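One structure below.
The values are calculated or read from the model by the stated rules, or taken from the named source; none is laboratory data. All figures in this text were calculated on a predicted structure; none of them were measured in a lab. Methodologically, a virtual Cβ is constructed for each residue, glycine included, from the backbone with ideal geometry; neighbour enumeration extends over all protein chains shown.
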Amino acid sequence: MTEKIKISISGVRGIIGEGLDGRMTTSLASAFGQSLNGKPVVVGRDARPTGPQMRLAVLAGLAFSGNDVIDIGLVPTPTVGLMVKHLGAGGGIQISASHNPVEWNALKFFNDKGFFLNEEDFNRFMEFYKGGDFGKATWDRLGQLETRDDAIDIHIDRVLKFVDIEAIRARRLKVVVDGCRSVGGLILPRLLEQLGCEVIRLDCAADGQFTRPLEPTPAHLGGLCEKVKETGADVGFAADPDADRLAMVSEKGLPLGEDFSLALTADYIAGKTGSDIVTNLSTTMSLDDIAKKHGVKIYRTKVGEAHVVQGILEHGAKIGGEGNGGVIVPEVHPGRDAAIGTAVLCELMATRGKGKTISEIAAEIPLYHIVKDKVPAGEYDAGGIEKALSEKFGPPTVDRTEGLKMVWEDSWVHLRPSNTEPIIRIIAEARQLDKANQICRLTRDLLCGQ
């Protein structure tokens, strides 16, 4: 493995031509197909420029391992998982590097339940890949290709069955959608129009000609902010390239931050259902306050969708997700999904928030400030960092479930190796922005040996 490729439970990501190439892509797809004992595989992709070429390599690899393929075309990542379950397939592959820069692409793998692979599934797949025992179907047992164009419609239908359509239609929301020139621009406007919203499209052509950095963080949503102000919209929604993450912009044209997507949906669904909440170690403390408000429990897992989904299933939760805008409503699909997040937030604005702006609704959530940084991957002295931060900020509660997390009464810091890039992530949160910056900056200095 080089620094330009990342293999983990979150999939296989690499820079095209410098780590991830056609031969490796074909081999990975073939080995995955072999691990499914020849069962059919659902394949989709986002609109990255390298997607068509990656698709050909994936189809070839699966065919030569004897797997039939259901190609569902340009779709969000959650749509692939949903269609695996809907069609009774053996697994699925989404071709998407999510938030990584345009020169990257990736394969994300689903099991027969439509979930991302757990560690056991992933290890079995890797045994086939490393052993090289794949791609050996005889001429009369090669896989066949079927194409379908109804996957997004099926996904939208599932979402519509979960929310109060009539209440949302009565609210007559005006919404701007930033589709990131990818599949979010295919699903979100169609969903919102069926919910009776007036939709203003921004970068909704799914052509991969990206006009902004791909993560839907506040710093990257200037175009959406301007469009919301210009049109007098009630809210703006932005997706990442594979539409499993959702961010919001208020009616004032101000970004609310990715954590608010999960915080608001969790507050709403936990309040309606009395459900516990499942999230990861790097997600905002406001969820702890929300859980306390509704008298429910909060469970925290390792970072990564597969870990959060496993926690949701173990605890029977009806809401969960990750603070990067990844809302998970398992009744619709047990995976991060910008579409269900969008629909639930519209229902919130139409019902509990009737007569209120999204700014006023968001102001009801306890406000914390999250600061994020990263350094190149490498070894670090966790004990030394813990000691230095304890001397500066007082004794913390320490969690070593993944990396090092230190929690104080109104702040925390988490450092861990990324699952998707060759970096160590630093995430700090506090009630005061200055303190969050201070904690993050000091942690970075300690990691870099300054």
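How many residues are without any contact (Cβ under 8 Å) to a residue 40 or more places away in the chain and surrounded by 14 or more Cβ atoms within 10 Å (Cβ to Cβ) if we restrict to the range 383-402? Working first, answer last.
To start, the set of residues in the range 383-402 that are without any contact (Cβ under 8 Å) to a residue 40 or more places away in the chain comprises 383, 386-387, 390-391, 394-398, 400.
Of the ones still in play, those that are also surrounded by 14 or more Cβ atoms within 10 Å (Cβ to Cβ) are 386, 390, 396.
Looking only at that region, the number is 3.
This table checks each residue for (1) closer than 24 Å to R45 by Cβ; (2) modelled with pLDDT of 95 or more; (3) under 20 Å from the mean Cα position of the chain (by Cα).
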{"position": "G143", "(1), (2), (3)": "yes, yes, no"}
{"position": "R158", "(1), (2), (3)": "yes, yes, yes"}
{"position": "A167", "(1), (2), (3)": "no, yes, no"}
{"position": "L173", "(1), (2), (3)": "no, yes, no"}
{"position": "G185", "(1), (2), (3)": "yes, yes, yes"}
{"position": "L191", "(1), (2), (3)": "yes, yes, yes"}
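Taking the condition of being of a type in the set (S, T, N, Q) and either in a strand (DSSP E or B) or free of Cβ contacts under 8 Å to residues at least 12 places away in the same chain (or both), how many residues in the range 343-376 meet it? Break it down into steps so the answer makes sense when it comes.
Initial filter on the range 343-376 (of a type in the set (S, T, N, Q)): 351, 357, 359.
In the following step, the residues that additionally are either in a strand (DSSP E or B) or free of Cβ contacts under 8 Å to residues at least 12 places away in the same chain (or both) were identified as none.
Number of matching residues: 0.
Do you know which residues across the range 308-360 are surrounded by fewer than 21 Cβ atoms within 10 Å (Cβ to Cβ), among the charged types (D, E, K, R) and in contact with a Lys or Arg (Cβ under 8 Å, 6 or more places away or on another chain)?
Residues satisfying the conditions are E331, K354.
Being surrounded by fewer than 23 Cβ atoms within 10 Å (Cβ to Cβ), under 25 Å from N324 (Cβ atoms), of a type in the set (D, E) and in the same structural domain as I15 (by TED's automatic domain parsing) narrows it down to one residue among E119, E127; which is it?
Working: E127 fails: under 25 Å from N324 (Cβ atoms).
Only one candidate passes the filter, namely E119.
Hey, does the range 124-144 have a residue that's of a type in the set (A, V, I, L, M, F, W, C), in contact with a strand residue (DSSP E or B) (Cβ under 9 Å, 6 or more places away or on another chain) and in a helix (DSSP H, G or I)?
yes
Hey, can you tell me all the residues within the range 292-307 that are part of a helix (DSSP H, G or I) and either buried (at least 20 other Cβ atoms within 10 Å of the Cβ) or charged (D, E, K, R) (or both)?
Here is the first cut: in the range 292-307, the residues part of a helix (DSSP H, G or I) are 292-294, 305-307.
Matches in the range 292-307: K292, K293, E305, A306, H307.
Quick check on my filter: what residues within the range 197-237 are modelled with pLDDT under 95 and assigned to a helix (DSSP H, G or I)?
Matches in the range 197-237: P218, A219.
From the list D289, D259, which residue is within 22 Å of A430 (Cα to Cα), modelled with pLDDT under 95 and part of a helix (DSSP H, G or I)?
Values: D289 fails: modelled with pLDDT under 95.
Of the residues listed, the single one that is within 22 Å of A430 (Cα to Cα), modelled with pLDDT under 95 and part of a helix (DSSP H, G or I) is D259.
If a residue counts only when it is among the polar types (S, T, N, Q) and under 21 Å from the mean Cα position of the chain (by Cα), which helices (runs of 4 or more DSSP H) contained entirely in the range 1-100 have at least 2 such residues? Talk me through it step by step, then tell me what you get.
Details: elements: 22-35, 51-63, 77-87.
Per the criteria, 77-87.
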